[in-house]
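Since the structure comes first, as structure tokens, the remarks are kept for the end.
The values are calculated or read from the model by the stated rules, or taken from the named source; none is laboratory data. Keep in mind that what you see is a predicted model, and the values were worked out from it rather than measured. For neighbour counting, all protein chains shown are included, and Cβ atoms are generated from backbone atoms with ideal geometry for every residue, glycine included.
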Amino acid sequence: MKRFLVVIEKANGNYSAYSPDLPGCIATGRSVNEAETNMYEAMRLHLRGLKEDGMGVPEPHSIGEYVVLEETA
């Protein structure tokens, strides 16, 4: 089992999702949940395609972390 970072961003009227470790693998949705669900399926298909093309599954390297900053005047 491999864990891939997924970034979900608010776009114009919807949400977009991508994984830095899977270039070209993207998804959208009307909500965060829908974008996440669609991205899960996109990743499954993307990884299956890589395997079928004999390219193998890349190792995930990206990590994410929230950083809390105090506002400055």
Checklist entry - Out of all the residues in the stretch 57-73, is one or more in a strand (DSSP E or B) and either surrounded by 15 or more Cβ atoms within 10 Å (Cβ to Cβ) or among the charged types (D, E, K, R) (or both)? => result no
Checklist entry - How many residues are of a type in the set (D, E, K, R), closer than 20 Å to His61 by Cα and free of Cβ contacts under 8 Å to residues at least 40 places away in the same chain when one looks only at the stretch 10-36? => result 1
Item to check | Considering residues of the stretch 56-71 that are under 16 Å from Ser19 (Cβ atoms) and among the hydrophobic types (A, V, I, L, M, F, W, C) only, the residue modelled with the lowest pLDDT | outcome: Val57
Checklist entry - Which residues, taken from the stretch 26-50, are part of a helix (DSSP H, G or I) and either in contact with a Gly (Cβ under 8 Å, 6 or more places away or on another chain) or among the hydrophobic types (A, V, I, L, M, F, W, C) (or both)? => result Val32, Ala35, Glu36, Thr37, Asn38, Met39, Ala42, Met43, Leu45, His46, Leu47, Leu50
Item to check | Residue in the stretch 3-21 that is touching a Gly at 6+ places or on another chain (Cβ under 6 Å) and in a loop (DSSP other than H, G, I, E, B) present | outcome: yes
